[in-house]
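Throughout, read-outs are computed from the coordinates displayed, never taken from laboratory work. Note that the structure is a prediction, hence the values are computed from the model and not measured. No Cβ is skipped: glycine too gets one built from the backbone with ideal geometry, and neighbour counts run over all protein chains shown.
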Amino acid sequence: MNTWLTNLGIGRKNPGVFCGEWRGGGPALENVSPVDGRPLASVQTATEADCAEALQRAHAAFDRWRLTPAPVRGETLRRFGIALRERKPDLARLVSVETGKILAEAEGEVQEMIDICDFAVGLSRQLYGLTIASERPKHRLMEQWHPLGVVGVITAFNFPVAVWAWNSALALVCGDAVAWKPSSKTPLCSVAVTRLAQGVCAETGADPALFTLLIGGGKGVGERLAADPKVPLISATGSCEMGLALARQVHGRLGRTILELGGNNAVIVTPSASLDLAVRAIFFGAIGTAGQRCTSTRRVIAHESILHDVERRLRDAYRSLRIGNPLDARTTMGPLIDVNAVETMLQAITRLKSEGGRVLCGGERLTGSEWPGDCYVTPCLAEVPGNLPLVREETFAPVLYVMPYRQFDEAIALNNDVPQGLSSAVFTNDAREAEEFLSVCGSDCGIANVNVGTSGAEIGGAFGGEKSTGGGRESGSDAWKTYMRRQTNTINYSSELPLAQGIRFGVDA
Ligand code: NAD
């Protein structure tokens, strides 16, 4: 076993359930790296009995944790941030090997975990309520925020550690416990992170069951969490199909959700734009994580007068790409997550041609000793006349569609004319276009940027999207409020009992 894996507490065989102690009685998942197709390690999945026991312990941990003052809860997050700083190189390496994303991006992902821990420490002293002017004399009207309970966090493969951290850091300072169901494609990252958390709990005295982990082979464990009436909030990240199935289940029992689902993100490039900036942003947006980010740039809507210039520059950028081992510092694009993802991409390109799209470059499987394991492809750049049926769907792979527009209104309409509503951007030096894009009749997405690409959000802002992206918000700003329950209080310190709205009732009538 490699030293860096041992440093993270990963062995050849790993238990996949943590509830204060490690266990896992279900079948083993054999995890294979997309980098070279070789087995990495095996992880034991959770049985129904494991889930029941783990959730019971998480509830017991919550009962105590909610009584711990929030700034003291923040101390566990502060120490966790320090542990992440110390283990950043090893953890980033694991993220890279397990997902195929290049090391620089994997380091960025671990940095996001550190950033949200820092944010959570500050937040632990800022869980403010309000006092509100009461209409009754000698009455105080106020709002306060209380912890919710055990929060279920279901994550996707493409951000195997950061998305958990966005949710968990906030949920934990808010006084909740967390039960994490990671993607079965990236179980080792979740084991490594949970081991790190376990070490921090040993230092601070926090109950380790606050960091419950439940690895499942398919969607079973996620469905188990979704159905459990004692899990008041499920934060789920993944495809729109998953979100729809999960929402039916959780909303069917009137539970709460934070849904962070698929994107179909566009960049509008106007005639006044700096094409240098625009093309660099589009290139990163389309190629980063091999096109497997929820915020990946999938569509470029370019003014017809500059369309061919944009296409030429993008083609040149695509030719400069180095595709290969993501651990090699010279590599700009690693493999897709698995062989199925490659098949899905190739099928989409065949369909694109049948719908009237034209491939400008790329879209082929790479084989040979430089690209072992069958998961490497060349990214595809294609020209389309508009939002073809395929273009309206999210193909989770490096396929970028370029389409023309004439009037700016038309560009905004094209931006909005897809089911998803996550991220969007305009490149322009025209203040009126920029303002129009951000206005009430502009982009309908949760994220709308000016001269900044669609991909690579900071943790300080609330993150999430509209329409079939699910409407959830997590990470910064006031996203913490979703992890708490709001309570409105009226306190009467008079010797009368005046009713609201001046109602006179019974003896007072
Ligand atoms: P996926 O939908 O296949 O799986 C996501 C997670 O949901 C996994 O842990 C999976 O086991 C679980 N799951 C699947 N069906 C379930 C069900 N019925 N009930 C409960 N849990 C269930 O997604 P993926 O392939 O891992 O990730 C790619 C998708 O995630 C893309 O669509 C991408 O856009 C999206 N994504 C969105 C965001 C965001 O913040 N909006 C971030 C990252 C990824």
Add -39500 (n - 2.57) for each DSSP H run of 4 or more in the chain, then divide by its residues: what number comes out at 222 nm, to the nearest 500 deg cm²/dmol? -12000 deg cm²/dmol
Local charge sum around LEU210 (other residues, Cβ-Cβ under 10 Å, Lys/Arg +1, Asp/Glu -1)? +1
With a bin width of 10 angstrom, please list the P(r) values of region 8-126 as percents of all Cα-Cα pairs, from the 0 bin to the one holding the largest distance. 12, 28, 37, 21, 2
Contact order relative to length for region 161-282, counting C-alpha pairs under 8 Å separated by 6 or more residues, stands in percent at 19
Any idea what Rg and Dmax come out to for region 122-260 if you just take the C-alpha atoms, in Å? 17.3, 60
Give LYS181/LYS230; LYS13/LYS185; LYS185/LYS219; LYS13/LYS101 a once-over and call out the pairs whose C-alpha atoms are over 18 Å from each other. LYS13/LYS101
Under a cut-off of 17 Å between alpha-carbon atoms, report the aspartates and glutamates in cross-link reach of LYS138, not counting same-chain residues fewer than 8 places apart. GLU496
What is the antiparallel percent of DSSP beta bridges lying wholly in region 129-227, to the nearest 5? 25
For a quick check of your reading of the filter: which trypsin sites (Lys or Arg not before Pro) in region 129-200 sit in a DSSP loop and have no more than 13 other Cβ atoms within 10 Å? LYS138
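Can you say what percent of the DSSP beta bridges in region 345-440, counting only those with both residues inside, are antiparallel? Round to 5.
Taking every DSSP beta bridge with both residues in region 345-440, the antiparallel ones total about 50 percent.
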Arranged from highest to lowest average of other beta-carbon atoms within 10 Å per residue, in what order do the peptides 383-391, 207-215, 254-262 appear? 207-215, 254-262, 383-391
Could you sort 11-17, 169-175, 491-497, 100-106 so that the peptide with the highest average Cβ count within 10 Å comes first and the rest follow in order? 169-175, 100-106, 11-17, 491-497
What is the order of VAL200, VAL300, fewest Cβ neighbours within 10 Å to most? VAL200, VAL300
Prolate/oblate/rounded call for the chain, Cα gyration tensor, a/c under 1.5 rounded: oblate
Built amide H within the under 5 Å cut-off of ALA28, gap 5+: THR45
Below 8 Å between Cα atoms, with a sequence gap of 6+, how large is the relative contact order for the chain in percent? 17
How are the C-alpha pair distances of region 362-412 spread across 5 Å bins, as whole percents from the shortest bin up? 4, 17, 20, 20, 14, 10, 7, 4, 3, 1
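With charges only on Cβ, +1 for K and R and -1 for D and E, what is the dipole size of region 58-161 about its Cα centre, in debye, rounded to 20?
In debye, rounded to 20, region 58-161 gives about 580.
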